[in-house]
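Here's the structure, in structure tokens; my notes come after.
The values are calculated or read from the model by the stated rules, or taken from the named source; none is laboratory data. Here the structure is a predicted model, which is why all the values come from computation and not from measurement. We place every Cβ from the backbone using ideal geometry, glycine too, and count neighbours over all the protein chains shown. In case anyone asks, the SASA skips ligands and DNA or RNA and just uses the protein heavy atoms, side chains included. Shrake-Rupley method; radii C 1.70, N 1.55, O 1.52, S 1.80 Å.
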Amino acid sequence: MASQERREKHDGMGIGRRHFLGLGGVVLGGAKPALAASVNAASLKAEGRVARLSLTLEGPLSWEWRALAEPPRLVLSLPGVTWQGPARLGSAGPVASAVFSAVFDDEAKELRLNLARPALPRRLPGPAGRLLVEIAPASSEAFAAAARRDMPLAQGSAPALPLVVIDPGHGGYDPGAIGRRGTEEKRLTLAAAQALRRKLQEGGKCRVAMTRERDEFISLADRVAFARTREAALLISLHADSAPGAKGASVYTLAETASDPLSEALAQRENNADLAGGLSLPSVSPEVQAILLSLMRQETLGDSARFARVAVRELTRAVPILPKPRREAGFIVLKAPEVPSVLVEMGFLSDPEDEAALRKPEHRALIATSLARAVEAWVGSTQRPRPG
């Protein structure tokens, strides 16, 4: 992580709304940005005499089913959704055709299932982020009774999946470390981030965003702000540094005092400006602001440490590891007070063996798979109620 080429300016990163630790609904900063609700994929398939409808969901979304007669049809209302599936899903089982459309205005969205014979919907159990519905044949009397009801047949909602932000270190005119074979850190981090994103998307346990999608320079302040304004559940910053004698992967969390000289040196090389300020705190006294920020940081650091332990465990099973791989340092990119954050050194480009391994897609895939397992385990643990 070579020093960045210019001193970064910070004009206030802003902080999203956060209710925490029972402090009476205190929020930090302005209004919470709305999370978009979307259907990212849709399919309708025949399974014997029934049809199975599958929708892949993202964001907080609500729905309701109604049965309508003349002509007989089932209507799935999806208010305010962004539909990214096909407009027509074809026929299957008792469904003659399925068409998505907006009615009256852009906020009223519905999937209309035109029926070849009477049928009713039944929701099936499925993974988070997926709505599975069985459309099964029904008697004419049962369908007619459902159509006469002035109430939804069924309704429900899907909360937003947690967002994981992947931060590929460096980019643009800042190449980061450069190995003996000319390998640029910025290219490895982007390739590894893309591999990790694919693994997380395949798992379907979280939403994923990247601070950069291409070879461009992103300031440290903007990387942190990217995660904060989107209220990310976790930030993972990927790097491949240069340090004499160092070899293997390691995971870092934030600490004002580094855990060892190597961690301190790495943080100093990465950080060339103090961007820790600029928080937008509520209109309370400076003393109360300090207490609120301290409480938030304690909670966030605890979550960061829990993820770091899981990440080290998974990496140790798959790739060479730096001695004492769980470390701490004052990396600026980890300083979002409300976003648990870790920095993963995938290896060191100053070591010929690490450089050779990181150049191989299959080695980066091992790292991505390990981190994806860690994310899924961590997300599962944070969504379960904690004792006490």
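Structure summary
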read-out: 24 Å Cα-Cα threshold exceeded, pairs from 199/360; 45/109; 247/335; 186/360; value: 247/335
read-out: Accessible area of segment 113-212 divided out per residue, in Å², using a probe of 1.4 angstrom; value: 46
read-out: Gain on full stretching of the segment that runs from residue 40 to residue 97 - 0.36 nm per residue minus C-alpha separation; value: 18.5 nm
read-out: Computed E for residue 122/residue 209 - FRET, C-beta separation, R0 35 angstrom, nearest 0.05; value: 0.55
read-out: List 150, 222, 351, ordered by accessible area with a 1.4 Å probe, largest first; value: 150, 222, 351
read-out: Heavy atoms of residue 214 accessible to a 1.4 Å probe, total area in Å² rounded to 10; value: 140
read-out: Accessible surface, 1.4 Å probe, highest first, among residues 66, 313, 327; value: 313, 66, 327
